[in-house]
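Undergrad: Quick one: structure below, then a few questions.
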Amino acid sequence: MTIGAATAAAPRPSPFVHTAFVVDADGDLSMLVSDLRRSVALYDEVLVVVGDHTRSVLTDQGGDVAAAVRWDDVGKHYQRLGFAYESFRRYLADAHRARRRVHVVAEPDLVTGVDAALRADRAAAYLAYEAMCNHTYALGGAAVTCVWDSRYHPESVLRDVRTTHSHELTPAGRVPSSHYLPPERYLADHRDTVMRPPPAHVDHDITVAEVAGLTDLRSTVSGWALGHRFAGEALDDLMVAVIEVATNGLRHGGPPVRVRAWHHHDTLVVQCDDAGAGPIPVLAGYLRPDPLAAVAGGRGLWLARQLADVVTVDCVPGRTSVRLHFPHQVMTSASA
């Protein structure tokens, strides 16, 4: 049988399966080649978005498979984390509407353009999106397999990888993960992690007591970001994200809102603290708002997650903190 030519006797794909594939050595990728060979016979399209090294090894180990799948550039998908999440969600939603069965194989890039000291925060934020994929990507018979190389990620990240994926690809094939937690449980458990405090000395420390104060906040933050080489669309996106979060704090958390801004090398960081009228739901900002909904709740945080790279929420009695990361290279990439 020619690779990629599904026959009438071929079994149909099962309901949505989110699989982690943890690689320890290049030889392990032979398991993925075998899985891809099966997928090109089952699915209408297999989209592979992996790094150059992984692609080279897959091509060497399975030339027939390499010719049968659709390859795409990692940089096209892995920019700001919210963009990456939405990019794949839209692809799967479009395929579902077209009644096309698809399998996505993706290798997240969590380090390009990100300061080494902030990569742990970025990995944690990305894994929250991985947890949510089990809800938002569950469209028909689609499948998503995520490649994680243990040579580039610490064991703490790989432990959470196994927790956020319902299945794992092993020498015995795709098997259910005994560590898996549903999205709500995973996000609730990981919100308990205490946010590291801001540095003792920040670039700006602003108190906004009412909506009128947002004008001064906008002016101060805009000038600060311009001084750090943010311009054009990247500057606009940063400003919208910060103002949305500060406005949410005024309206829903309670004034005053304290806004602190600092930089870590080429990454700008903004934290908004409000009076914390109540805990923010763990799913807030991860689900695309319904444009026809009578109440526009949750849109501010969702928008912030799209425009910033990393958004971290910390809720304690009497205070809610939202921290935004804006790495310069990620924010100004032409493909972002």
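Undergrad: When you go through (1) hydrophobic (A, V, I, L, M, F, W, C); (2) touching a Phe, Trp or Tyr at 6+ places or on another chain (Cβ under 9 Å); (3) surrounded by 19 or more Cβ atoms within 10 Å (Cβ to Cβ) one by one for residue 138, which number turns out not to apply?
TA: Of (1) hydrophobic (A, V, I, L, M, F, W, C); (2) touching a Phe, Trp or Tyr at 6+ places or on another chain (Cβ under 9 Å); (3) surrounded by 19 or more Cβ atoms within 10 Å (Cβ to Cβ), only one is false for residue 138: (3).
Undergrad: Additional query: Being small (Gly, Ala, Ser) and out of contact with any strand residue (DSSP E or B) (no Cβ under 9 Å at 6 or more places or on another chain) narrows it down to one of 188, 138, so name that one. I'd like the intermediate steps shown before the answer.
TA: Values: 138 fails: out of contact with any strand residue (DSSP E or B) (no Cβ under 9 Å at 6 or more places or on another chain).
Step by step, each of 188, 138 is checked, and only 188 is small (Gly, Ala, Ser) and out of contact with any strand residue (DSSP E or B) (no Cβ under 9 Å at 6 or more places or on another chain).
Undergrad: Let me ask something else about it. Based on what the data block shows, is residue 144 under 25 Å from residue 312 (Cβ atoms) and crowded, with 22+ Cβ neighbours inside 10 Å?
TA: It is true that residue 144 is under 25 Å from residue 312 (Cβ atoms) and crowded, with 22+ Cβ neighbours inside 10 Å.
Undergrad: Then there's this: Within region 263-274, is there a residue that is among the charged types (D, E, K, R), outside any helix (DSSP H, G or I) and surrounded by 18 or more Cβ atoms within 10 Å (Cβ to Cβ)?
TA: Looking for residues that are among the charged types (D, E, K, R), outside any helix (DSSP H, G or I) and surrounded by 18 or more Cβ atoms within 10 Å (Cβ to Cβ), one finds at least one in region 263-274, hence yes.
Undergrad: On to the next question. So residue 92 clears everything in (1) in contact with a His (Cβ under 7 Å, 6 or more places away or on another chain); (2) closer than 19 Å to residue 286 by Cα; (3) crowded, with 20+ Cβ neighbours inside 10 Å except one condition, right? Which one?
TA: If we test residue 92 against (1) in contact with a His (Cβ under 7 Å, 6 or more places away or on another chain); (2) closer than 19 Å to residue 286 by Cα; (3) crowded, with 20+ Cβ neighbours inside 10 Å, just (1) comes out false.
Undergrad: Now for a separate question. Working carefully through the options 121, 149, find the one that is of a type in the set (D, E, K, R), surrounded by 15 or more Cβ atoms within 10 Å (Cβ to Cβ) and modelled with pLDDT under 95.
TA: That would be 121, the only listed residue that is of a type in the set (D, E, K, R), surrounded by 15 or more Cβ atoms within 10 Å (Cβ to Cβ) and modelled with pLDDT under 95.
Undergrad: With the requirement that a residue be outside any strand (DSSP E or B) and of a type in the set (Gly, Ala, Ser), what does region 151-198 give you?
TA: Within region 151-198, 156, 166, 172, 177, 178, 188 qualify.
Undergrad: Look at region 148-186 and say how many of its residues are in contact with a His (Cβ under 7 Å, 6 or more places away or on another chain) and either free of Cβ contacts under 8 Å to residues at least 60 places away in the same chain or of a type in the set (Gly, Ala, Ser) (or both).
TA: Result for region 148-186: 6.
Undergrad: Could you identify the single residue in 205, 189 that is free of Cβ contacts under 8 Å to residues at least 60 places away in the same chain and within 28 Å of residue 283 (Cα to Cα)?
TA: It is 189.
Undergrad: Same structure, new question: Among the residues of region 80-133, write down those that are outside any helix (DSSP H, G or I) and in contact (Cβ under 8 Å) with a residue 60 or more places away in the chain.
TA: 80, 101, 103, 105, 112, 113, 114, 115, listed by residue number.
Undergrad: Regarding region 230-249, can at least one residue be identified that is assigned to a loop (DSSP other than H, G, I, E, B), assigned by TED's automatic domain parsing to the domain that holds residue 313 and surrounded by 16 or more Cβ atoms within 10 Å (Cβ to Cβ)?
TA: Initial filter on region 230-249 (assigned to a loop (DSSP other than H, G, I, E, B)): 230-231.
Imposing the further condition that a residue be assigned by TED's automatic domain parsing to the domain that holds residue 313 reduces the set to 230-231.
Retained after the next criterion (residues that are surrounded by 16 or more Cβ atoms within 10 Å (Cβ to Cβ)): 230.
Yes, because at least one residue in region 230-249 is assigned to a loop (DSSP other than H, G, I, E, B), assigned by TED's automatic domain parsing to the domain that holds residue 313 and surrounded by 16 or more Cβ atoms within 10 Å (Cβ to Cβ).
Undergrad: Where the second residue is assigned to a helix (DSSP H, G or I) and crowded, with 17+ Cβ neighbours inside 10 Å and the first is without any contact (Cβ under 8 Å) to a residue 12 or more places away in the chain and lies in region 216-242, which pairs have Cβ atoms under 7 Å and are six or more apart or on separate chains?
TA: If the second residue must be assigned to a helix (DSSP H, G or I) and crowded, with 17+ Cβ neighbours inside 10 Å, the pairs left are 226/235.
Undergrad: I'd like to check something: does region 193-205 contain any residue that is surrounded by 18 or more Cβ atoms within 10 Å (Cβ to Cβ) and among the aliphatic types (A, V, I, L, M)?
TA: Checked against the condition, which is being surrounded by 18 or more Cβ atoms within 10 Å (Cβ to Cβ) and among the aliphatic types (A, V, I, L, M), region 193-205 yields no hits at all.
Undergrad: Tell me yes or no: at least one residue of region 89-106 is basic (Lys, Arg) and under 26 Å from residue 329 (Cβ atoms).
TA: yes
Undergrad: Still on this structure, I have one more. Quick check on my filter: what residues within region 70-84 are crowded, with 19+ Cβ neighbours inside 10 Å and in contact with a Ser or Thr (Cβ under 8 Å, 6 or more places away or on another chain)?
TA: Selection gives 77, 78, 79.
The values are calculated or read from the model by the stated rules, or taken from the named source; none is laboratory data. Please read all numbers here as calculations on a predicted model, not as lab measurements. A quick note on method: Cβ atoms are made from the backbone with ideal geometry, for glycine too, and the neighbour counts reach across all protein chains shown.
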